[in-house]
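Novice: After the structure tokens below, expect a handful of questions from me.
Rule-based calculations on the coordinates, nothing more; no lab input. Computed from a predicted model, the values in this text were never measured in an experiment. When we count neighbours, we look across all protein chains shown, and the Cβ atoms used for this are built from the backbone with ideal geometry, even at glycine.
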Amino acid sequence: MSKKVVVIGGGFGGLAAAARLAARGHEVHLYDKRDQLGGRAYQYEINGFHFDGGPTVITAPHLFDDIFAAAGRRREDYFTLLPLDPLYRFFDQEGRCFNYWRGLDETAQEVARYNPDDAERYRAMLEHIRHIFDTFQPYSDKPLTTLGQMMTIMPDMVRLQAFMNTDWFIERYLKDPFLRKVFTFHPLLIGGNPLDTPAIYTLIMQFEKQWGVFYPQGGTGAIVRGFEKLLRELGVHIHLQREVAQIVIQNHKATGIRLDGGEEVKADAVVCNGDLPFVYKHLISAAHRRRFTDRKVDRMNYSMSLLVIYFGTKKRYLDSPLAHHNIIVNSRFRGWLKDIFRHATLPEDFSLYVHMPSRSDDSISPPGHENFYALVPVPDMRASIKWEQVGPLLRDKALAFLEEHYLPDLRANIVALHHIDPTHFRHTLNSQYGAAFSLRPTLLQSANFRPHCQSEEFDNLYFVGAGTHPGAGVPSVLSSGKIAADLIG
Ligand SMILES: Cc1cc2nc3c(=O)[nH]c(=O)nc-3n(C[C@H](O)[C@H](O)[C@H](O)COP(=O)(O)OP(=O)(O)OC[C@H]3O[C@@H](n4cnc5c(N)ncnc54)[C@H](O)[C@@H]3O)c2cc1C
């Protein structure tokens, strides 16, 4: 039976759920407070540059294909995905680089360049990770809600040591200090602290090996535009610049939403793509909540936040050692992680992710120009940092570092510049504490323990996106869209 469904938020989780629900014949209304769809994948246009605001590492293309196929379409007719190899280029403090290839043999050769003894151990580690992937990946697009499911998972968690933290897991295999950092980095890509992210999340490495890393022609914004076209073809009513102020609850059931202007929209089901903890705390009256009380929300574990600098230069930097995806790792890695996640202080040093998409695509900058973004992990807003002052200082420090080591005369060549900091995540994206990836993927906030896609508290309320199962990152939030759509029927 066709239902009227309201989707709050047009991030990838909301887009996936809206497309699947509309393809099944439901009447779907999608509301987003911003002027473009995409959420964290917002694309900024500045002086002729197209800067992808957030996700750039796109993997598991079949997850997109499946959504378009469910609507009787071919994904290839909406956007193009180009494979990248190396998947990433890592740099140590001396500027030496490590190419992280998709192929096992090529990466093992790179490992051997750093430490010949680690090459065999790397192969053994990947074999272990493949077992973790084969065992747990099938749960990623299913609702994990029952104790029975958890009892089934637990023995495998123990057998595969997937409950141990990633740092410990990698250290068991690799001896070289730099290689350890390279292979411990992945939790940060989904907002996790490698020191407390369970090794179950190493399956992301197998995702990339098995399915590859892709660049969408035109940037990640092209995927968002592809989704928007699909949604409009399917008759989804898209309402931009409409903020939802409240989820209306009656008798423990979501009956609709109230917009910030006061208008009420009734619905048979509400799918919420806003940040889950923020939504419970701010969009649902405390009088209705028993489980997700303000106290509980405040005490949950959150991902780090980010300072992201988007910059375009009037010259090309094709001679630079930078590849499309780059990770520059600092020497004080564990101390740096502790500063950000445990001590909530802004470290003096930093690790950086640098995106250089104009290596692969001329269409995203004016001719003869280069398009970059640099991402610096920082503590969430519980750290008392005055971002209006500290943000520009940290931005300038990161740019000076890149100029000194990778991009000569950078600052004199910048012709487009923008940055976002934790206040953007808090105030523009409505995320609790300005966390960039919502709830941190700790053991007690994973699988069955992570808030469920079907609200534990209210009927007819569903969650999609980074704060629910299976977690943050584009593949995961696309899967949450499938789970929610399957639950609604
Ligand atoms: C800088 C950065 C880089 C990243 N890089 C990668 C990467 O390379 N690969 C990868 O896989 N993942 C990456 N991630 C993570 C990934 O982008 C996110 O986990 C994912 O996109 C989040 O999607 P979501 O469905 O949770 O929705 P979001 O993108 O969080 O969107 C939520 C939407 O809801 C809207 N909204 C919120 N509240 C309301 C309200 N009350 N009323 C109306 N609208 C509302 C917001 O405006 C927003 O549009 C990155 C994240 C960041 C921040």
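Novice: By the scheme Lys and Arg +1, Asp and Glu -1, what is the net charge of all other residues having a beta-carbon under 15 Å from that of Ser479?
Specialist: Overall, the nearby charge balance is 0.
Novice: For the stretch 438-489 and the stretch 1-60, what is the separation of their C-alpha centers, rounded to whole Å?
Specialist: 16 Å
Novice: Projected onto the charge dipole of the chain (+1 at Lys/Arg Cβ, -1 at Asp/Glu Cβ, origin at the Cα centre), which of Gln161, Gly10, Ala485 gives the Cα projection farthest towards the positive end?
Specialist: Ala485
Novice: I'd like the Karplus ³J(HN,Hα) series for the stretch 95-107: coefficients 6.51, -1.76, 1.60, θ = phi - 60°, whole numbers in Hz, and an x wherever there's a Gly or Pro.
Specialist: Values, residue by residue: x, 6, 10, 10, 8, 9, 8, 5, x, 5, 5, 5, 5 Hz.
Novice: Can you list the HN-Hα couplings for the stretch 368-376, worked out from phi with the Karplus curve (6.51, -1.76, 1.60; θ = phi - 60°), rounded to whole Hz and with x for Gly and Pro?
Specialist: Once rounded to whole Hz, the list reads x, 10, 10, 10, 9, 9, 10, 10, 10.
Novice: What are the residues whose amide H is under 5 Å from the amide H of Ser438, where those residues sit 5 or more places off or on another chain and H is modelled from the backbone?
Specialist: Ser303
Novice: Among His469, Pro441, His405, which residue has its Cα furthest toward the positive end of the charge dipole of the stretch 374-489, with +1 on Lys/Arg Cβ and -1 on Asp/Glu Cβ?
Specialist: Value: His405.
Novice: Does the stretch 82-139 classify as rounded, prolate or oblate by the C-alpha gyration tensor (a ≥ b ≥ c root eigenvalues; a/c under 1.5 gives rounded; else a/b over b/c gives prolate, otherwise oblate)?
Specialist: Oblate is the answer for the stretch 82-139, as a/c is 1.5 or above yet b/c matches or exceeds a/b.
Novice: Loop-only check: which trypsin sites (Lys or Arg not before Pro) in the stretch 42-129 are DSSP coil with at most 13 other Cβ within 10 angstrom?
Specialist: Passing both the DSSP loop test and the Cβ count: Arg74, Arg96.
Novice: Okay, next question. Quick one: if you take sqrt(5λ) for each eigenvalue of the C-alpha gyration tensor of the chain, what semi-axes come out, biggest first, whole angstrom?
Specialist: Ellipsoid semi-axes (Å, largest first): 34, 26, 22.
Novice: Near Gln445, within a Cβ-to-Cβ distance under 13 Å, what is the net charge of the other residues, with Lys and Arg +1 and Asp and Glu -1?
Specialist: Result for the neighbourhood of Gln445: +3.
Novice: Which length gain, in nm to one decimal place, applies between Asp77 and Ile46 when the Cα-Cα distance is subtracted from 0.36 nm times their residue separation?
Specialist: Contour length minus Cα-Cα distance gives 8.4 nm.
Novice: Contour minus end-to-end for Arg332 and Asp319, with contour as 0.36 nm per residue of separation and end-to-end as the Cα-Cα distance?
Specialist: Result for the pair: 1.8 nm of gain on full extension.
Novice: Tell me which residues come under 5 Å, amide H to amide H, from Val378 once H is placed; ignore anything under 5 positions away on its chain.
Specialist: Ser305, Leu306, Leu307
Novice: Taking the Cβ of Tyr373 as the centre, find all other residues whose Cβ is under 12 Å away and add up their charges (Lys, Arg: +1; Asp, Glu: -1).
Specialist: -1
Novice: Let me ask you something else. If you average the sequence gap of Cα pairs under 8 Å that are 6 or more apart and divide by the length of the stretch 104-214, what percent do you get for the contact order?
Specialist: Value for the stretch 104-214: 31 percent.
Novice: Once you keep just the Cα pairs under 8 angstrom separated by 6 or more residues, what percentage relative contact order results for the chain?
Specialist: For the chain, the relative contact order is 23 percent.
Novice: Using the Cα centre as the reference, give the magnitude of the dipole from point charges on the C-beta atoms of the chain (Lys, Arg: +1; Asp, Glu: -1; all else neutral), rounded to the nearest 20 debye.
Specialist: It comes to approximately 1060 debye.
Novice: With angles folded into 0 to 90 degrees, how steeply does helix 474-488 sit against the dominant principal axis of the chain? Use alpha carbons for both and round to 10.
Specialist: Once rounded, the angle reads 20 degrees.
Novice: Starting at the first residue of the stretch 137-147, write each ³J(HN,Hα) from the Karplus equation 6.51 cos²θ - 1.76 cosθ + 1.60 with θ = phi - 60°, in whole Hz, x for Gly and Pro.
Specialist: Here the 3J(HN,Hα) series is 4, x, 7, 6, 10, 10, x, 9, 10, 9, 5 Hz.
Novice: Taking amide H positions as placed in the peptide plane 1.01 Å from N, state which residues far from Ala245 in sequence (5 or more) or on other chains have amide H under 5 Å from it.
Specialist: Here Arg258, Leu259, Asp260 satisfy the definition.
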